[in-house]
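Just below is one structure, and these are the notes that go with it.
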Amino acid sequence: MRILRNRKTLSGVILLLLFVFLAVFGPTLAPYQPLAIVGKPWEGPSGSHWFGTTQEGYDVWSQFLNGARSILIISFLSGVIATVLSVIIGVAAGYFGGLADNFLSMLANIFLVLPALPFLIVINSYLPAGNKASTALMAAIISLTGWAWGARVLRSQTLSLRKRDFVDAAGISGERAWRIIGFEIVPNLVPVIASSFLFTTLYAMGTYVALTFVGAVDVNAPWSWGSMLFWAQADQAAASGAWVWFAAPGVAVALLGTSLALLNFGIDEFINPRLRAAGLSRKGLRAVGVTRRHTLGLTPVVRPAADAVVVSPAEIIEETV
Amino acid sequence: MNSPLELNDPVLEISGLSVDYGFGPDAVHAVADASLTLRSGEVLGLAGESGSGKSTLAYAVTRLLRDPGVITGGSAVFHGRDGAQDLFDLDAEEMRELRWSQISVVFQSAMNSLNPVFTIGVQLTDVLRAHRKDMGRAERKQRAAELLDMVGITADRLRSYPHELSGGMRQRVMIAMALALEPRVLIMDEPTTALDVVTQREILQELGELRERLGFAVLFITHDLSLLVELADSIAVMYAGRIVEHAPAEQLFRNPRHPYTEGLLGSFPALHGERRAMTGIPGSPPDLRSLPPGCPFHVRCGYAMDACSTDVPELLPIHWEPTEPRRAACLLHTDGFEAPESLKKTAEIGSTL
């Protein structure tokens, strides 16, 4: 696939696949339950406990393997919900304008200025105890604070799109509003939606980990890297030298975020040929020995060396086919 | 101000120019081995269909080609006020000094380059303030009015904002601006394409008069061959990044030597003379990423021979009329081949078009 030829996208995809693998098979591969006492407290990394044990004698490696699933499910589910919300609200606001725009924009603005973390902590404290463990509910609650940014971006894009000639042409030829939105406008927004989805997912991941870390949700069910960070902090793992206990989930969360960001950059370059061409050109220029940057208004001159092999047109054709 | 420059002295000698977009196997060879000489006082027309490389050639010569364009060979020697220099050896500062004062360019949508919040007068005098430091305020204004007058706009328009002018007027303002510092070479890339034919004609007439008065050379790029026949002294026709024919305008129009030129000329009707069927050129322009081997035109050419699919023809004087000041890149006119009658016409030139 052409999109995978980009190094950023490729490394993002590989990293993300690694985490998906962890989420799918991690619990099966884990030697123990995350909260099973299987060793002495504060054991260092060893053959039987790769990442050592916790204060209570739980196996850190098992905790780590069990931690990916809920994070991935919640962040992606939350990303989907928030993106759908932002597309509906943003595109509707931009396309219909007027009172609808005023109302929807106001809504988006309110959610933008809400301090997300305290708001979510308050909401979570009102949930009945039994529901706190539901991943779907968790995702829905997080997406509540994640859609507004995307909605605003999509609204402004829609505002510029709906004044374009092809949208006018569709309207004059009698297409209905839903068709114009679905077939003329939204396909043009796909890059923005994709980027907004990835960043919302990233946001949801960070928020969920933060909520677990501060203990605003049930820290033990569903188990996640946030739970590990919570307990490592509560049991003073840093002071006890059990650095793997907080380093492993911390690094994992950071890498998951990195993979999403890399994917986003890759998509950006894929949809914006200017970014891609610039990258290609710099690399190519270096390859032929020009170190100067390609500035507008001074086209580089690259004369092939006198002894360079002259490529015949037939060979060029073979190369391109 | 100009150092003595005889009419017909070369001012811009492009030789062996090659331009690629991209590098290595992905590279698109947009211009291949193009050689042209622009003489002072001459209007050299560059014609060709979309994607034939005519604009790329002009941008490359002025080093204005955007990323990922790269000049991969050749030279462009400019005979300026301070002697001859190869434009491809200059650095950014030297290029900046040459541009506008000695080489200026008018682009197709140049009229959109006017800043909407300043009056025409401010924008015209701005360049004079930067480059003609000895000019006083009144002198600059005088000169700006003169420039406007040159392109047929009355001086009271100096106080107008760009939006108060029509497209044609704005384009004329840009031409006046390009001429403000009396350049030796004026490169015009489809300067009138966006305008209606009446305006086009006015602008071109003015351009012709200005050229005679000021003696600058014009490289005029267009896909409109009939326009060039009237305007240009000589015409170069490009196809697939190569110059396929270069001849004095009337010669090229009356007696085309390259089959592609003949095809182009057969694609538009003559206003006078007998009626003839419009033929057009079969096929479509080639994909520059995968040119056919041999002559790039042979797949669409009615006179194609076996040799055409293997040998790349060079731009050479016509074998059977070597003294004529014209060149064509076609095997039919090389030694050992017999050109068909239609490409051997030697009609009288000088009669009415």
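Bear in mind that the values in this text are calculations on the coordinates, not laboratory data. Since the structure is predicted, the reported quantities are computational estimates derived from the model, not experimental observations. Ideal geometry is used to build each Cβ from the backbone, glycine not excepted, and the neighbour counts take in all protein chains shown.
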Cross-link candidates for residue B:54: which aspartates and glutamates have Cα within less than 15 Å, leaving aside residues fewer than 8 places away along the same chain? B:20, B:33, B:189, B:190, B:224, B:245
Hey, if you put +1 on the Cβ of every Lys and Arg and -1 on every Asp and Glu Cβ in the protein assembly as shown, which of B:187, A:183, B:298 ends up farthest toward the positive end of that dipole? A:183
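Just tell me how shielded B:68-75 is by partners: mean number of partner chain Cβ atoms within 10 Å of each residue's Cβ, no decimals.
Per residue, the average neighbour count from other chains is 6.
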Using a/c under 1.5 as the rounded threshold, could you call the protein assembly as shown rounded, prolate or oblate? The axes a ≥ b ≥ c are square roots of the C-alpha gyration tensor eigenvalues, and prolate needs a/b larger than b/c, oblate otherwise. prolate
Set of aspartates and glutamates with alpha-carbon distance to residue B:141 below 18 Å, sequence-local pairs under 8 removed: B:126, B:149, B:156, B:182
Peptides B:215-223, B:11-19 ordered by average Cβ neighbours within 10 Å, highest first: B:215-223, B:11-19
Each residue of B:289-302 has, on average, a number of other protein chain C-beta atoms within 10 Å of its C-beta equal to 2
Computed magnitude of the charge dipole of the protein assembly as shown (debye, nearest 20; Cβ of K, R +1, Cβ of D, E -1): 2320 debye
Relative contact order computed over the stretch A:1-82 (Cα-Cα under 8 Å; 6+ residues apart), in percent: 28 percent
With x for Gly and Pro, the residue-by-residue ³J(HN,Hα) of the stretch B:332-341, computed from phi through the Karplus equation 6.51 cos²θ - 1.76 cosθ + 1.60 at θ = phi - 60° and given in whole Hz, is 4, 9, 9, 4, x, 10, 10, 6, x, 3
Averaged over its residues, how many other protein chain Cβ atoms are within 10 Å of peptide B:93-100's Cβ atoms? 1
Pick out, from B:18, B:261, B:95, the residue whose Cα sits farthest towards the positive end of the charge dipole of chain B, with +1 on the Cβ of Lys and Arg and -1 on the Cβ of Asp and Glu. B:95
Under Karplus coefficients 6.51, -1.76 and 1.60, residue-wise ³J(HN,Hα) of the stretch B:162-170 in Hz, glycine/proline x: x, 6, 8, 10, 7, x, x, 5, 5
Checked against the positive end of the charge dipole of the stretch A:2-275 (+1 on Cβ of Lys and Arg, -1 on Cβ of Asp and Glu, about the Cα centre), the farthest of A:270, A:257, A:128 is A:270
If each residue's Cβ is checked for other Cβ atoms within 10 Å, how do B:89, B:335, A:235, B:67 rank with the fewest at the top? B:335, B:89, A:235, B:67
Got the relative contact order for the stretch B:136-234 handy, in percent, Cα pairs under 8 Å and 6 or more residues apart? 27 percent
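What's the exposure ranking of A:43, A:269, going from fewest to most Cβ atoms within 10 Å?
In order of increasing Cβ crowding within 10 Å: A:43, A:269.
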Using packing as a proxy for protection, rank A:78-90, B:315-327 so that the peptide with the highest average count of other Cβ atoms within 10 Å comes first. A:78-90, B:315-327
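What number comes out for the charge environment of residue B:127, summing +1 per Lys or Arg and -1 per Asp or Glu over other residues with Cβ under 15 Å away?
Computed value for this residue: +3.
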For residue B:46, which sequence-distant residues (separation of 5 or more, or a different chain) have an amide H within less than 5 Å of its own amide H, given hydrogens modelled in the peptide plane? B:220, B:221, B:222, B:236
For the ranges B:279-286, A:55-62, what's the packing order if you count other beta-carbon atoms within 10 Å of each residue, average per peptide, and put the highest first? A:55-62, B:279-286
Which value at 222 nm does the protein assembly as shown reach when only helices count, each DSSP H run of 4 or more adding -39,500 (n - 2.57), with the total divided by all residues and rounded to the nearest 500 deg cm²/dmol? -14500 deg cm²/dmol
